[in-house]
Amino acid sequence: MVKIASPVIEQLHALAGSPQQQAAYAVELLAGKHGKDIMQAALAVLADNPDPAAREPILRLYAYYAANKGVRDQGGYFRRALLDALRPLARRADAELLAQAANTYEFWPPDFAEDAVLLRAAGLVALAEVD
C-alpha cells in the first residue's frame, strides 16, 4: 500500500531550507484544524527550530490532550511531542505543568500496562531545565 503524502506536510518539508519560515508555518499548523499526523510534523520542526509564537498554541494543545486523564492521547505520545517542542520555550511558570507530566501514569486496555513513560521522561527533562 502506497501512502500519499499530505500537501501540508510536503509544504512543511519544502521550507526546510529556511528554518524561520518553516517554524512560522509550523506555528500556523498548530493553530488550525489538522490531524495528529500533521501536528506531529509541525511539532518536530518546532522542537528543532523553536519559535516563541508556538508557546501558547503548544500549551493550549497540551491542556486539551491532557484533559480527562489523557483519554484523547492514550499513552501520552502526542503530549510528549508537545513537551519536546515546548522544552526550548519553557519558563519557570511551566514547572507545575511539567511536574504533572513527570508524574503521569496511564493504564489503558486491553492489557492495562503503563504507557506514559515517554511523557514522564519528557516532562522530567523539561522540568530539570526550568528548575
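Observations, loosely collected:
- Residues being in contact (Cβ under 8 Å) with a residue 24 or more places away in the chain and either out of contact with any Gly (no Cβ under 7 Å at 6 or more places or on another chain) or of a type in the set (S, T, N, Q) (or both) - total across segment 67-78: 5
- Segment 65-115, residues that are within 15 Å of residue 36 (Cα to Cα) and touching a Pro at 6+ places or on another chain (Cβ under 8 Å): 85
- For residue 42, the criteria (1) among the small types (Gly, Ala, Ser); (2) surrounded by fewer than 18 Cβ atoms within 10 Å (Cβ to Cβ); (3) in contact with a His (Cβ under 9 Å, 6 or more places away or on another chain) hold in every case but one, which is (2).
- Test: residue 129 is closer than 23 Å to residue 7 by Cα, out of contact with any Asp or Glu (no Cβ under 7 Å at 6 or more places or on another chain), open to solvent by 60 Å² or more (accessible area, probe 1.4 Å) and of a type outside the set (Lys, Arg): no
- Hey, residue 95 aliphatic (A, V, I, L, M), closer than 13 Å to residue 126 by Cβ and open to solvent by less than 90 Å² (accessible area, probe 1.4 Å) or not: yes
- Out of 50, 110, 57, 88, sole residue that is assigned to a loop (DSSP other than H, G, I, E, B) and buried (at least 16 other Cβ atoms within 10 Å of the Cβ): 50
- Residue 101 vs. criteria part of a helix (DSSP H, G or I), surrounded by 21 or more Cβ atoms within 10 Å (Cβ to Cβ), in contact with a Gly (Cβ under 6 Å, 6 or more places away or on another chain) and of a type in the set (Gly, Ala, Ser): yes
- Look at segment 1-24: where a residue is modelled with pLDDT of 95 or more and a partner is in a loop (DSSP other than H, G, I, E, B) and surrounded by 12 or more Cβ atoms within 10 Å (Cβ to Cβ), sitting 6+ places away or on another chain with Cβ atoms under 6 Å, you get 19/49; 23/49; 23/51.
- Extreme residue, nearest to the chain's Cα centre (by Cα), among residues of segment 1-47 that are of a type in the set (S, T, N, Q) and assigned to a helix (DSSP H, G or I): 40
- The residue list 120, 92, 55, 60 contains one member that is touching a Ser or Thr at 6+ places or on another chain (Cβ under 7 Å) and at pLDDT 95 or above, which is 120.
- Count of residues meeting criterion [hydrophobic (A, V, I, L, M, F, W, C), farther than 13 Å from residue 73 by Cα, outside any helix (DSSP H, G or I) and out of contact with any strand residue (DSSP E or B) (no Cβ under 8 Å at 6 or more places or on another chain)] in segment 113-131: 0
- Within segment 114-126, being open to solvent by 40 Å² or more (accessible area, probe 1.4 Å), among the hydrophobic types (A, V, I, L, M, F, W, C) and more than 17 Å from residue 47 (Cβ to Cβ) holds for one residue alone: 117.
The values are calculated or read from the model by the stated rules, or taken from the named source; none is laboratory data. Every value quoted in this text rests on a predicted model; they were computed, and no experiment measured them. Here Cβ is always computed from backbone atoms with ideal geometry, including for glycine, and neighbour counts include all displayed protein chains. With ligands, DNA and RNA removed, areas are computed over all heavy atoms of the protein, side chains included. Shrake-Rupley method; radii C 1.70, N 1.55, O 1.52, S 1.80 Å.
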